[in-house]
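Report on the structure given below.
The values are calculated or read from the model by the stated rules, or taken from the named source; none is laboratory data. Owing to the predicted nature of the structure, the values given are computational and were not obtained by experimental measurement. Counting neighbours? That spans all protein chains shown, and the Cβs are built from the backbone with ideal geometry, glycine included. With ligands, DNA and RNA removed, areas are computed over all heavy atoms of the protein, side chains included. Shrake-Rupley method; radii C 1.70, N 1.55, O 1.52, S 1.80 Å.
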Amino acid sequence: MSGGGALPAAAPERALSARGARIAASAPGLLDKGFALYVADPFDRRLNPQGILNLGTSENKLCYDLIEERLKRLDMNYLEPELFHYSDTQGTKSFREEIAKFLTDYARAAEALNPEHITVMSGCCAVFATLSTVLCDPCDGYLIPTPCYGGINSKTWLYGGIQPVHVPLFSEVTDEESHPFQLTAEKLEAALQRAKNQGIRVRALILINPHNPLGDIYPAQLLKHCLEFAHRYELHVIMDEIYMLSVYGDATFTSVLSLDCVPDPERTHFMWDFSKDFGMSGIRVGVLYTRNHEIQKAVNQLAVFHGCPGPVQHVLSQFISDRDWLDNVFFPTNKKRLKEAQNILVDGLADVGIPVLKSSGGLYVWADFRKFLKSQTFEAELELWQKLLEEKLLISPGKAFYCYEPGWFRLVFSDSVDKIYLCIQRLEQMLHADATESAANNISSNADALCTLKEGSSGNPSNTPGDDVSQLKNILLYYNHICI
């Protein structure tokens, strides 16, 4: 070829679509990062006693003995051949019928649930992912009170490309509120208006009840106000009641299924899972209940990617149909053990000087570490989290839950008593070491100041006050995705 030189090589075709590139570029959240560190170095009292103690992952490990005993019964070992065949992607009919009876009774439903309105999928993450895809277009938004379970953001973003619109809740109690981190309809209104001003189309409201990470339970009246708010603006309501039966306090739990009159039943969707209330997070079975035929039709098309094995559905059917075992063995024992474990952790934290938010549900407490931060910033919060990890203790920082105040941490108590005591011991060692180091630094600083004063010309002490880091509100917006 004349004219000098070869033609430039064609640019290689990119392996990923724009959607695939967006998914691949999504960074893991803090909860995922912490769990990955734990998996690489898990505590084992015999094999790895210096490993990471995990009080960061919300799993109920208190009733494995009861579950193991129930699994050994003969009805669990008999499997029909049909269970090994392809089945209805919505869930086997017999399993959905048992779920309908179970939720009708234990959610105290206002009317018997219809099995045809139920779709079974591989966990609530799958339910969130599919619902976000069929309810929203890319770049749409959903309202969610914060702090909140951080995994929701990633699940809805990866599939549907939608973004959260935070409803920030704070620990300071105002005249209009009765307790910290209180949700009100006015706060929902304000967040919705901010989203409109930013050009975000809000399509849904997500509520977690009992709340994660606060452990709070929505009073029936507040629940109704939220539903009425959503109805006014034609928003879908996704009720995540995954901790519905993990209630151990004095508060009365009200399921959305128990309400006599829901303002907009076609836009109200309920989800629940076996992972928390039954301590079966590895089973991966979640439930969606919706009366909206079009939404369920679309969800069922995607459910083929999130199906549950037939034998698993059979085993779980045996669990939830055995009312004598549930009412006289499992649920009362689980509730008793949850309360006892929570008391041990709360008392231990109090001894270390860490107060917690009063809670009645869930598997965790929301603890106030603010006085242990070097400054009231999220950088200081993450520094403390990292120090705890270095001391082989995994708990979850508030930033992982999109909390707008630095210094709050979630600690899971639904584990063995010896692990809770070990958690307190490691906390005390780390915080005591930090306090000793801080005191030594202060003594050194004071000595330096005295030397400076002695050598100075005026001989008068400085009246310049020290830095007063008081309750500063450091409100950060964490979510800054660019829609593709």
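Among residues of segment 87-117 being part of a loop (DSSP other than H, G, I, E, B) and open to solvent by less than 10 Å² (accessible area, probe 1.4 Å), the one that is farthest from PRO309 (Cα to Cα) is ALA107. Using beta carbons and a limit of 6 Å, which pairs, at least six apart or on different chains, have the first residue in segment 62-83 and more than 25 Å from LYS276 (Cα to Cα) and the second one modelled with pLDDT of 95 or more and open to solvent by 80 Å² or more (accessible area, probe 1.4 Å)? Cβ pairs passing all conditions: none.
Just to be sure before I move on: is VAL285 under 30 Å from GLU80 (Cα atoms), under 20 Å from the mean Cα position of the chain (by Cα) and either β-branched (Val, Ile, Thr) or at pLDDT below 95 (or both) in the structure I sent? Answer is yes for this residue.
Please find, within segment 38-66, the residue that is most open to solvent (accessible area, probe 1.4 Å) out of those that are of a type in the set (Val, Ile, Thr) and in contact with a helix residue (DSSP H, G or I) (Cβ under 8 Å, 6 or more places away or on another chain). Ranking the qualifying residues of segment 38-66, first place goes to THR57.
Exactly one residue out of VAL120, VAL134 is surrounded by 23 or more Cβ atoms within 10 Å (Cβ to Cβ), in contact with a Leu (Cβ under 9 Å, 6 or more places away or on another chain) and either among the β-branched types (Val, Ile, Thr) or assigned to a helix (DSSP H, G or I) (or both): that is VAL120.
Residues are listed down the side, and each one gets a yes or a no for (1) without any contact (Cβ under 8 Å) to a residue 40 or more places away in the chain; (2) crowded, with 22+ Cβ neighbours inside 10 Å; (3) outside any loop (DSSP other than H, G, I, E, B):
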{"position": "ILE242", "(1), (2), (3)": "no, yes, no"}
{"position": "ASP250", "(1), (2), (3)": "no, no, no"}
{"position": "LEU257", "(1), (2), (3)": "no, yes, yes"}
{"position": "LYS276", "(1), (2), (3)": "no, yes, yes"}
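When we screen GLY199, GLY215 for residues that are closer than 20 Å to GLU177 by Cα and not in a helix (DSSP H, G or I), the only hit is GLY215.
Listed conditions (1) over 27 Å from LEU326 (Cβ atoms); (2) of a type in the set (D, E, K, R); (3) under 16 Å from the mean Cα position of the chain (by Cα) are all met by ARG232, apart from (3). CYS308 meets all of the listed conditions (1) in contact with a helix residue (DSSP H, G or I) (Cβ under 7 Å, 6 or more places away or on another chain); (2) crowded, with 19+ Cβ neighbours inside 10 Å but one, namely (1).
Which pairs do you get when a residue that is farther than 14 Å from LEU222 by Cβ, found in segment 180-203, comes within reach of a residue that is assigned to a loop (DSSP other than H, G, I, E, B) and open to solvent by less than 60 Å² (accessible area, probe 1.4 Å), reach meaning Cβ atoms under 7 angstrom, with the pair 6+ apart or on two chains? Here the result reads PRO180/SER171; PRO180/LEU357; ARG201/ASP140; VAL202/LEU235; ARG203/CYS136; ARG203/ASP140; ARG203/LEU235, each pair linking segment 180-203 to a residue that is assigned to a loop (DSSP other than H, G, I, E, B) and open to solvent by less than 60 Å² (accessible area, probe 1.4 Å).
Here is the figure for segment 294-305: residues that are outside any helix (DSSP H, G or I) and loosely packed, with under 12 Cβ neighbours inside 10 Å total 1.
The single condition from (1) on the phi > 0 side of the Ramachandran plot; (2) modelled with pLDDT of 65 or more; (3) more than 18 Å from the chain's Cα centre (by Cα) that GLY459 fails is (2).
Within segment 284-304, the residues that satisfy the criterion of being at negative phi and either free of Cβ contacts under 8 Å to residues at least 12 places away in the same chain or of a type in the set (D, E, K, R) (or both) are ARG291, HIS293, GLU294, LYS297, GLN301.
Can we say PRO164 is under 17 Å from the mean Cα position of the chain (by Cα), closer than 22 Å to MET271 by Cβ and open to solvent by 10 Å² or more (accessible area, probe 1.4 Å)? Yes. Tell me, yes or no, whether segment 379-399 has at least one residue that is of a type in the set (Phe, Trp, Tyr), at negative phi and open to solvent by less than 10 Å² (accessible area, probe 1.4 Å). Scanning segment 379-399, I find no residue that is of a type in the set (Phe, Trp, Tyr), at negative phi and open to solvent by less than 10 Å² (accessible area, probe 1.4 Å), so the answer is no.
Within segment 347-372, which residues are aliphatic (A, V, I, L, M), open to solvent by 10 Å² or more (accessible area, probe 1.4 Å) and within 18 Å of PRO213 (Cβ to Cβ)?
Hits for segment 347-372 are VAL356, LEU357.
Evaluation of SER281 against the conditions (1) touching a residue at least 12 places away in the same chain (Cβ under 8 Å); (2) open to solvent by 10 Å² or more (accessible area, probe 1.4 Å); (3) part of a helix (DSSP H, G or I) shows that the sole unmet condition is (3). For segment 77-95, check the following and say yes or no: at least one residue is among the aliphatic types (A, V, I, L, M) and within 24 Å of the chain's Cα centre (by Cα). No, that holds for no residue.
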